[in-house]
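Only the coordinates and a few stated rules stand behind these numbers; no lab work does. Everything numeric in this text was worked out from a predicted model, so none of it was measured. In this analysis, Cβ positions are derived from the backbone assuming ideal geometry, glycine residues included, and neighbour counts consider all displayed protein chains.
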Ligand SMILES: Cc1cc2nc3c(=O)[nH]c(=O)nc-3n(C[C@H](O)[C@H](O)[C@H](O)COP(=O)(O)OP(=O)(O)OC[C@H]3O[C@@H](n4cnc5c(N)ncnc54)[C@H](O)[C@@H]3O)c2cc1C
């Protein structure tokens with residue numbers, strides 16, 4: 001793994017650095033490239049702008065590992081309000097959550113209940129609930145939560161990371177649920193016995209598992225989502241979907257706000273189902289470090305921002 005990527009991923013866990021970096025006005029300006037603002041209304045404002053281009057959206061509030069269960073209740077209530085706002089504004093938006101935001105470190109039972117309440121709300125408002133995948137220590141618990149919630153409520157999806165060695169068997173084990181799976185490369189620092197250290201191996205597993213999911217979609221057993229900005233992979237998998245004669249509404253492409261925006265528009269204009277994940281919230285430091293890790297060249301943008309104005 002390249003040193004710069006490792007350094008940013010290590011920094012993402014450093015609270016001392018987070019406090020100092022987040023206070024800097026240039027840091028707040030730089031983060032705007034990937035985040036329209038800190039409030040839900042900022043995210044929904046951006047969703048409104050993207051909707052006419054046929055780009056749907058996923059909104060998620062930043063913030064991980066909580067210190068008390070009342071915080072998890074507050075996060076659940078925040079997202080309940082988000083579903084209402086989305087419905088009221090008639091936006092093509094869905095919600096994505098991290099299990100640790102809903103207190104997974106504190107109580108698995110409470111976290112499961114929060115997810116159920118949110119899934120119910122997604123059904124009631126005609127939206128979807130997505131569950132992000134965090135570092136590898138959470139994968140077993142997150143899959144168990146998904147299995148529980150998805151067997152009761154249909155519009156619930158989960159992220160699965162292509163860099164994990166275990167991913168092919170995880171995908172097979174989920175297919176009986178008719179899952180909505182957002183395949184992503186994976187954004188955390190993991191040891192080599194857990195995740196492939198070489199990008200080439202990650203890309204190969206993304207393609208093989210993407211193809212597996214497309215076959216499952218053809219058989220009516222999954223809704224695959226390709227959560228990547230890697231246009232070589234996107235073009236390969238959309239081509240494969242064409243070969244399988246899969247209708248365009250039987251798979252989707254998801255990307256992050258502010259990254260490959262022109263490709264997002266082009267794919268939507270070609271008729272593909274595209275969604276853009278918009279983050280908001282005050283706790284953006286670990287998430288921002290992961291974005292820098294994905295593309296260390298982004299750091300020049302931070303430097304330029306520091307010296308502008
Ligand atoms: C919708 C969505 C949801 C996600 N959910 C999760 C999750 O739940 N768990 C998880 O571990 N990870 C998640 N990720 C992050 C993912 O794991 C990758 O870290 C991230 O998508 C970068 O990998 P890539 O697939 O774009 O491929 P890469 O090979 O990293 O990048 C391909 C190309 O995309 C562009 N690009 C990629 N990242 C950036 C960037 N930060 N800035 C500018 N350009 C960039 C570059 O041109 C690059 O060459 C999610 C990603 C997306 C799009």
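Per-residue ellipticity at 222 nm from helix content only, as computed over the chain with -39500 (n - 2.57) for each DSSP H run of at least four residues, stands at -15500 deg cm²/dmol.
The stretch between residue 175 and residue 48, if pulled fully straight at 0.36 nm per residue, gains 42.3 nm over its current Cα-Cα span.
Taking the DSSP beta bridges with both ends in the chain, the antiparallel portion is around 5 percent. Footprinting exposure proxy ranking of 254, 148, fewest other C-beta atoms within 10 angstrom first, gives 148, 254. Full extension of the chain between residue 33 and residue 208 gives 59.8 nm of extra length, using 0.36 nm per residue less the Cα-Cα distance. Using only alpha-carbon positions in the range 158-297, the gyration tensor eigenvalues give semi-axes of 23, 20, 14 Å once each is multiplied by 5 and square-rooted (largest first). Once Rg and the Kirkwood radius are both taken over the C-alpha atoms of the range 113-167, their ratio Rg/Rh works out to 1.00. Fraction of C-alpha pairs exceeding 14 angstrom in the range 175-239: 58 percent, rounded to a whole number. Taking 0.36 nm per residue of separation and subtracting the current Cα-Cα distance, fully stretching the chain between residue 151 and residue 283 would add 44.3 nm.
When each of 233, 3 is scored by the number of other beta-carbon atoms lying within 10 Å, the sequence from fewest to most is 3, 233.
Based on every Cα atom in the range 223-266, Rg and the maximum pairwise Cα distance Dmax equal 10.6, 31 Å.
Springs join every pair of Cα atoms under 10 Å in this Gaussian network model of the chain, and among 26, 196, 285 the largest mean-square fluctuation is at 26. Per residue, the average separation of C-alpha pairs within less than 8 Å and at least 6 apart gives the chain a relative contact order of 26 percent. Fewest neighbouring Cβ atoms within 10 Å first, the residues 67, 273 line up as 67, 273.
With the Cα gyration tensor of the chain giving a ≥ b ≥ c as the square roots of its eigenvalues, does the rule (a/c under 1.5 for rounded; else a/b larger than b/c for prolate; else oblate) give rounded, prolate or oblate? Rounded. Averaging the Cα positions of each part gives two centres, and for the range 198-246 and the range 19-71 these lie 28 Å apart.
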